[in-house]
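All of the numbers you see were taken from the coordinates with simple rules; none came from a lab. Fair warning: this is a prediction, and the values are worked out from it, not measured in the lab. Note: ideal-geometry Cβ built from the backbone for every residue, glycine included; neighbour counts use all protein chains shown.
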Amino acid sequence: MAKSLFPRAWVKKSFFFQARISFVRVKYLFLTWLTVLVGSWVLYLQYTAYTELCRGHECKNAICDKYRRGIIDGSACASLCDKETLYLGRCLSTLTNNQVYTGGWGEQSGIIRCNLGKVVHYELGEEPEPRREALMFDKPTRGTSVEKFKEMVFNHLKFKLGEHTNLATLVSQILSVADGNKDGRVSLQEARSMWALLQMDEVLLGLLLQDRGHTPRLLGFCGDLYMTERVPYGPLYGFSLPWPLVSWVPGGLQRTMDQWFTPSWPHKVKISMGLLELVEDVFHGTYGSFLICDFAAAHFGYTDRHELRLTDARVLVPEDEFRRNVRVLKCESDADCVYGADCRTSCDPLERRCREEPVQPNLAKACGALKDYLLRGAPPGMREELERQLYACMALRGHAGQMNMEHSLILNNLKALLWRQISHTKDS
């Protein structure tokens, strides 16, 4: 009797074993199917977001259509539309109407930017309206003389930058850039392209600073599409997550990862010196004072020689423009008086209006951005002094008495301290 029980027990055990294997197979098959489904859905969402965000072909078609119809012209038009030696590469856009791409033009590599204007979405079944002619290329009008165009540019600069004795020199510099084919004259089509570019603050302010080496050089333009030098390393910390991952990585972890990918300390010093020189040049500079309203690392990069470049000039605001904009802001508290990302003023409780004077100057915010960047890896012998000077710099206030003298003293002391660390190296 005992012998007959063994096969039965074995069969029963075998049955359960096979059933368990079948269950595990079904489980893993289900998990595999679920993974493929979710992965496909994520890829689909990323693809649709990419196609919605990246519309370089629309930009090129719109610009080349206007070029061929004789509305606009510029130094890059023939290469973009006829010879096709200027091409759009990888999409870097973060806004639908502001198209940004890597690009190539012969042996030069750069960044190409193009504004699409307002992007209109249509429901399924609706007929889209015919694309309206962009109004940005309606000035100057036919028959406008070069002298009249100079006057237009001069008045525009005066409104943007304020009254300065050397605006006429800047006008001549802009007209030289506008002459795309270098034939000694600015055609109506070239004037329209340059006028459209001047309406974009990042182009105008970039032109102001490129002679000092603070911004990438303008390589060419066609209408409001333009190409600048490519800054090989950016952001400031040398690491940038791919855009699909940015929203998934916590901010604290991203800041830690930023520090992992910084250059060597002497190279960080040279980059920091470039930022301090930028701050110095926009503080009571040739064309007035400017505020830097966002010191995020993403807006700065550096070259192979570790020279700093401001890669997004939109963070610069002329002081006159800043005052015009904040004086009309109503407020209940200081928290209501913020312009851009971090240009703050205080609230006047009696008038319930924002005051015009910024709370922090550029230098204080620059030192705040450089604190962790410079202190990490600093030589032990100078770390304490560097930390003391950085904190003194961060304590600067825009409304403090004799701020100009204090500003200059702190800036010079900090630059001297850093310069001593690299003056004997090849980075100097």
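What to note about this one:
- Distance from the range 52-95 to the range 281-310 (C-alpha centre basis), Å: 28 Å
- Placed amide H near GLY398: partners under 5 Å, 5+ positions off or other chain: GLN360
- FRET E, pair GLU58, TYR87, Förster distance 22 Å, beta-carbon r, rounded to 0.05: 0.90
- Segment ARG217-GLN173, length gained on full extension (0.36 nm per residue, minus Cα span): 14.5 nm
- For LEU275, LEU95, LEU350, the sequence from fewest to most other C-beta atoms within 10 Å is LEU350, LEU95, LEU275.
- Taking THR144, THR85 and counting other C-beta atoms within 10 Å, the order from fewest to most: THR85, THR144
- Mean shadow area of the range 295-385, taken as a quarter of the surface of its Cα convex hull (nm²): 8.0 nm²
- Short-range pairs are left out: with C-alpha atoms under 8 Å and at least six residues apart, the relative contact order of the range 329-428 is 20 percent.
- Cross-link pairs LYS160/LYS365; LYS270/LYS365; LYS158/LYS415; LYS66/LYS148; LYS150/LYS182; LYS66/LYS158 - those with Cα-Cα distance over 26 Å: LYS158/LYS415; LYS66/LYS158
- Here's the picture: charge each Lys and Arg Cβ at +1 and each Asp and Glu Cβ at -1 in the range 310-428, and of THR345, VAL317, CYS393 the one pushed furthest to the positive end of that dipole is CYS393.
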